[in-house]
Amino acid sequence: MPDDDLVELKFRLYDGTDIGPFRYSPASTVAMLKERIVSEWPKDKKIAPKAANDVKLINAGRILENSKTVAQCRIPFGELPIGVITMHVVVQPSLVKAKTEKKVDEVPRKNACGCYIL
C-alpha cells in the first residue's frame, strides 16, 4: 500500500498528553485502534484502560463504533488541512465491573440527622 493512502492519527488523553502519531490503513477498524491505544498506554497514568472495551474514541464530536473503519470515520478533508488527525480518548470502565467494585468498597452509612426543627 502506498504511503499516500495511509492516515496519520494521534490520540489525545484526558490530561492533554498524546499517544502517537501512528499511520494506519483506511481499512483499519476502530477496534484495532483501541487495541493499539491499550498496548501503548503510558504506565505512569492513574487512570488506565484494562481492555479495549474500556476505551471510547471521539472524532469530530462523534463516538466511533468498533465496526467502523478509519475511512468511514474521517470527516471530508476538503474542510481540513492535510496533517495528523487527533482523536480524543475517554476511559470508561465497563458498568458490570464498576458496580461490583462499588459494592465491595461501600461502607455502611449510619442514618443520623444533625438537623433540629424548632
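Observations, loosely collected:
- Residues of segment 20-49 that are in contact with a helix residue (DSSP H, G or I) (Cβ under 8 Å, 6 or more places away or on another chain) and under 17 Å from Gln92 (Cβ atoms): Val30, Ala31, Leu33, Lys34, Glu35, Ile37, Val38, Pro49.
- Failed item, numbered, when Ala71 is tested on (1) hydrophobic (A, V, I, L, M, F, W, C); (2) assigned to a helix (DSSP H, G or I); (3) modelled with pLDDT of 90 or more: (3)
The values are calculated or read from the model by the stated rules, or taken from the named source; none is laboratory data. It should be emphasised that the depicted structure is a prediction, and the values quoted were computed from it without experimental measurement. Positions of Cβ are backbone-derived with ideal geometry, glycine not excepted, and every protein chain shown enters the neighbour counts.
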